[in-house]
1. Hey, could you check the stretch 153-180 for residues that are among the small types (G, A, S) and crowded, with 23+ Cβ neighbours inside 10 Å and say which is farthest from L7 (Cα to Cα)?
2. For the structure I just gave you, tell me whether D131 is in contact (Cβ under 8 Å) with a residue 12 or more places away in the chain and surrounded by fewer than 20 Cβ atoms within 10 Å (Cβ to Cβ).
3. When the stretch 6-22 is examined, which residues are found to be within 12 Å of A53 (Cβ to Cβ) and among the aliphatic types (A, V, I, L, M)?
4. Hey, any hits in the stretch 105-124 for a residue that's among the polar types (S, T, N, Q), buried (at least 22 other Cβ atoms within 10 Å of the Cβ) and within 21 Å of K62 (Cβ to Cβ)?
5. With the requirement that a residue be surrounded by 13 or more Cβ atoms within 10 Å (Cβ to Cβ), among the small types (G, A, S) and either at pLDDT below 95 or more than 13 Å from the chain's Cα centre (by Cα) (or both), what does the stretch 182-214 give you?
6. Please determine, by comparing only the residues of the stretch 3-56 that are modelled with pLDDT of 80 or more, under 13 Å from E202 (Cα atoms) and of a type outside the set (A, V, I, L, M, F, W, C), which one is surrounded by the most Cβ atoms within 10 Å (Cβ to Cβ).
7. Using beta carbons and a limit of 8 Å, which pairs, at least six apart or on different chains, have the first residue in the stretch 186-207 and touching a residue at least 60 places away in the same chain (Cβ under 8 Å) and the second one part of a loop (DSSP other than H, G, I, E, B) and surrounded by 14 or more Cβ atoms within 10 Å (Cβ to Cβ)?
8. Can you find a residue in the stretch 136-152 that is of a type in the set (S, T, Y), buried (at least 20 other Cβ atoms within 10 Å of the Cβ) and touching a helix residue (DSSP H, G or I) at 6+ places or on another chain (Cβ under 6 Å)?
Amino acid sequence: MEGDSPLITCSDEYQLLEKYCQKRRKPRARLMQSACMNRQELGAGDEKFGDVAEKLTQIVDKGLLDKELLPTVDNIPFFDEGIESDGDRDVDQEVIEKLVDLLKKSGDDLNKRIQSNHELLGYLQRTFSYDFYKRLTRAFITSVVPEYLQSRRKREQIALTFEVTSRLKALDLHPMNRAMGYGAQYLQEYFAPWVNQHGGWEKAFDKDDDEEVH
């Protein structure tokens, strides 16, 4: 991706994000036809990441994708007036709150809704940065896992980081082509020490979903 350093793209976090996004992508006939070839190209490391990615999707599906947590996109208010990119933290927070609601609604409708809102789209194109990504991801996680539970639910927070990154990547908007690099950087900054402390990605995610690793 544009702007991603080789150090980031070669990291376990980046490669695992790629595997997670592959699992979230809707299957298509032409991809099914090349499945055997793709499997032959996968190395042992990719197979390992595939198992972890599957566990991450299960964690997300058990929580975030519960229908009671999904808002109705048609009921989400949008900006009707111009947005000025003047560094106003209140404006940033308002955009983040709306995006959190939107990102809980997966599918093509999400991409269409954001692209059709020229003010929101323009704002994202001007302001999408790692700092903005961090604030958005933090708000997304907190909307599902309250802060008082976060010290005991690291695995769910990590899974939600993968999910929000995959949804940003799927938006197919020019500034979002940096989401993968930002996601890997965020995972390294906030969760790599915990993952390493628990023996790496495989061991940290080899338990059942209801068995949190502290």
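The values are calculated or read from the model by the stated rules, or taken from the named source; none is laboratory data. If you're wondering where the values come from, they're calculated on a predicted model, not measured in any experiment. Heads up, the Cβs are rebuilt from the backbone with ideal geometry, glycines too, and the neighbour counts pull from every protein chain shown.
1. Selected residue: A159.
2. Criteria not met by D131.
3. Within the stretch 6-22, L16, L17 qualify.
4. No, there is no match, as no residue in the stretch 105-124 is among the polar types (S, T, N, Q), buried (at least 22 other Cβ atoms within 10 Å of the Cβ) and within 21 Å of K62 (Cβ to Cβ).
5. A192, G200, A204, listed by residue number.
6. Among those that are modelled with pLDDT of 80 or more, under 13 Å from E202 (Cα atoms) and of a type outside the set (A, V, I, L, M, F, W, C), it is E13.
7. Q188/S11
8. yes
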